[in-house]
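The values are calculated or read from the model by the stated rules, or taken from the named source; none is laboratory data. Worth saying up front: this structure is predicted, and the values here are computed from it rather than measured. Cβ atoms come from the backbone with ideal geometry, glycine included; neighbour counts cover every protein chain shown.
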């Protein structure tokens, strides 16, 4: 899925370490994010959310004038902005209290830039839908807003299940999605007993999106694990 | 150890008291048993008294009717001899008692018996009074006399009393021993626990509460020290995280910087890889110390291990696995449906550490297989590689040598890595067992065996 539209989103970083703020800012701007706001305390963080109205807040837990958990609670009184915690506190209790507050993710330092970007995109994609969500595959294009596949001048409609299946894979483009995650998305259940249904869906989807369904290049089976969707940039 | 002294004193004093009480009871029992016999031997029916009484009323003419009646009532016969040895009169004398006695006869019965009747003699002014008691009523000794009954009872009495004393003393001993053991047992158990470096707490009343308090204090100190150590490790690992983020971040940026020299990029990639290793170490160290000091809460919930393995493997492949390595997953159909009550993050961490071990011990690459199988009682998770394996000595060392967190040996080369000890702890926290099978050149297989079903 093309995430250029996500790069227009405004991000707020709150961390008391100026060096870290500088590094994360450069990681984000290198990847194309243009609207980045930073703050170094709870107080600054609150006024930044009020004045800048960011689309995503990335908060440290330990701040000089309070903690990130209470900062999030204060933000929630006037804003529903998605929140990611980025912290050196790795204990399960902290992680659970962060996620328990309704945070969208909890990232533990130290982190690799690629991991950070992947998780920021994952949260943004979950929270903000693209106006015209199109993905280009080898030989076809999927239009999620209309639930259609455009292949060689033909328009093939997708069923609700196929739509969910492809959307789940598209959100993780190029990455393996396990059968567990897919069954959870399709039936809200564990994969046991759904093997045949899943295979049937895969077969029908391949007929719709692949040029040669017997030699799939977009919807790939990863033996024993799940599937992945290769897109064309 | 004042309280232990008090405790022992209390038992000794009560034991001594008991012995005194037994002696007293023995005395009473002795007195009570022999009182009757003794009063009989020396009371107003005693030969002494009877002789006196009979002598007073006896003469050559006869004996008073009253005394005669009294003698008869007590089955005592009497004869009276004059100076020549002739029987002047008798009252109740058996037939075998002769009419005349020679001096020799007198000399013989004067020792004690006349025709087997114990007799008692009293000389009067004009003759001699002889009282004959029933046969077997008295035993006469040259110097003194005792009743046969008392002589017969005495040994039984002594043995009986001793036996009763012995039984009472044994019961008291047994009871005391049990009580002391019962009181001391929690203390000993907790001292043994303290010996392993783990905290132990006991609550106790009575004389031993002082010792219990000391044990609890020692335990508190251990808890505080463990906590301080765990906090210290967690503090250090926390403080390393932010600077390490910077190292990892900039190293990755340089490694991907297209304008940079390829040599520089390669070196930056090495820094990135090594800093990822430091991250793993820091995370392992913190978790190991928290598990070691029981400060890590275990959040158990029913988890599909099949799903967990798939998601771990997918994540590993998604973040990128070098081409030298392959990872495959084999799940038995029966294991697919099993839910295991566990802390999913910890189990995933254990699997991750074992897979990373296979990867780092086989720099030239290997094929890794994650397998899951189960029976009604157990679920088996195995991590197999076809790499260089372990020599017999190395395998033995791995199973026997302590980890450096538990070792006091200065030789670092005798200790093995943090990753494996963490796996051990996680397996322990789930009541499981870990087994390593390996042969040099034939790869390595680690099997984790967890009990499932009720209570697990």
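Below, the figures for the structure above:
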read-out: Some residue of the stretch B:301-312 being in a loop (DSSP other than H, G, I, E, B) and either free of Cβ contacts under 8 Å to residues at least 12 places away in the same chain or assigned by TED's automatic domain parsing to the domain that holds residue B:281 (or both); value: no
read-out: Residues satisfying the stated conditions in the stretch A:219-233, i.e. within 20 Å of the chain's Cα centre (by Cα) and either in a loop (DSSP other than H, G, I, E, B) or more than 14 Å from chain B (Cβ to nearest Cβ) (or both); value: A:219, A:230, A:231, A:232, A:233
read-out: Single match in B:253, B:229, B:265 (criterion: within 24 Å of residue A:116 (Cα to Cα), more than 14 Å from every other protein chain (Cβ to nearest Cβ) and surrounded by 13 or more Cβ atoms within 10 Å (Cβ to Cβ)); value: B:265
read-out: Count of the stretch B:303-335 residues which are facing chain A (nearest Cβ under 7 Å) and crowded, with 18+ Cβ neighbours inside 10 Å; value: 7
read-out: Which numbered condition residue A:108 misses (of (1) under 19 Å from the mean Cα position of the chain (by Cα); (2) closer than 21 Å to residue A:127 by Cα); value: (2)
read-out: Residue count, the stretch A:187-196 (criterion: facing chain B (nearest Cβ under 9 Å) and more than 17 Å from residue B:311 (Cβ to Cβ)); value: 1
read-out: Candidates A:162, A:184, A:167, filtered to the one that is in a helix (DSSP H, G or I), away from chain B (no Cβ under 14 Å) and within 19 Å of residue B:318 (Cβ to Cβ); value: A:167
read-out: Condition broken by residue A:36, with the remaining ones in (1) out of contact with any strand residue (DSSP E or B) (no Cβ under 7 Å at 6 or more places or on another chain); (2) at pLDDT 90 or above satisfied; value: (1)
read-out: Of all residues in the stretch A:197-218 being closer than 17 Å to residue A:162 by Cα and assigned to a loop (DSSP other than H, G, I, E, B), the one that is farthest from the other protein chains (Cβ to nearest Cβ); value: A:213
read-out: Looking only at the stretch A:134-159, and only at residues there that are part of a loop (DSSP other than H, G, I, E, B) and out of contact with any strand residue (DSSP E or B) (no Cβ under 7 Å at 6 or more places or on another chain), the one that is nearest to the other protein chains (Cβ to nearest Cβ); value: A:138
read-out: Tally, over the stretch A:108-121, of residues that are touching a strand residue (DSSP E or B) at 6+ places or on another chain (Cβ under 9 Å), within 12 Å of chain B (Cβ to nearest Cβ) and in contact (Cβ under 8 Å) with a residue 40 or more places away in the chain; value: 1
read-out: Yes/no for residue B:123 being loosely packed, with under 13 Cβ neighbours inside 10 Å and in contact with a strand residue (DSSP E or B) (Cβ under 6 Å, 6 or more places away or on another chain); value: no
read-out: Residue A:56 vs. criteria closer than 30 Å to residue B:232 by Cα, touching a strand residue (DSSP E or B) at 6+ places or on another chain (Cβ under 7 Å) and away from chain B (no Cβ under 14 Å); value: no
read-out: Given (1) surrounded by fewer than 19 Cβ atoms within 10 Å (Cβ to Cβ); (2) touching a helix residue (DSSP H, G or I) at 6+ places or on another chain (Cβ under 7 Å); (3) closer than 30 Å to residue B:298 by Cα; (4) not assigned by TED's automatic domain parsing to the domain that holds residue A:80, index of the condition residue A:156 fails; value: (3)
read-out: Of all residues in the stretch A:1-31 being farther than 21 Å from residue A:81 by Cα and more than 11 Å from chain B (Cβ to nearest Cβ), the one that is surrounded by the most Cβ atoms within 10 Å (Cβ to Cβ); value: A:1
read-out: Scope the stretch B:205-220; condition outside any loop (DSSP other than H, G, I, E, B) and surrounded by 12 or more Cβ atoms within 10 Å (Cβ to Cβ); matching residues; value: B:209, B:210, B:211, B:212, B:213, B:214, B:215, B:216, B:218, B:219, B:220
read-out: Which listed residue, of A:175, A:76, A:126, is surrounded by fewer than 16 Cβ atoms within 10 Å (Cβ to Cβ) and closer than 30 Å to residue A:206 by Cβ; value: A:126
read-out: In the stretch A:202-226, residue surrounded by the fewest Cβ atoms within 10 Å (Cβ to Cβ) [restricted to those that are without any contact (Cβ under 8 Å) to a residue 12 or more places away in the chain and in contact with a helix residue (DSSP H, G or I) (Cβ under 7 Å, 6 or more places away or on another chain)]; value: A:213
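Let's see how each residue does on (1) within 30 Å of residue B:73 (Cβ to Cβ); (2) out of contact with any strand residue (DSSP E or B) (no Cβ under 6 Å at 6 or more places or on another chain); (3) exposed (fewer than 13 other Cβ atoms within 10 Å of the Cβ); (4) touching a residue at least 40 places away in the same chain (Cβ under 8 Å):
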position	(1), (2), (3), (4)
B:128	yes, no, no, yes
B:155	no, yes, yes, no
B:159	no, yes, yes, no
B:172	no, yes, no, yes
B:184	no, yes, no, no
B:187	no, yes, no, no
B:200	no, yes, no, no
B:203	no, yes, yes, no
B:224	no, yes, yes, no
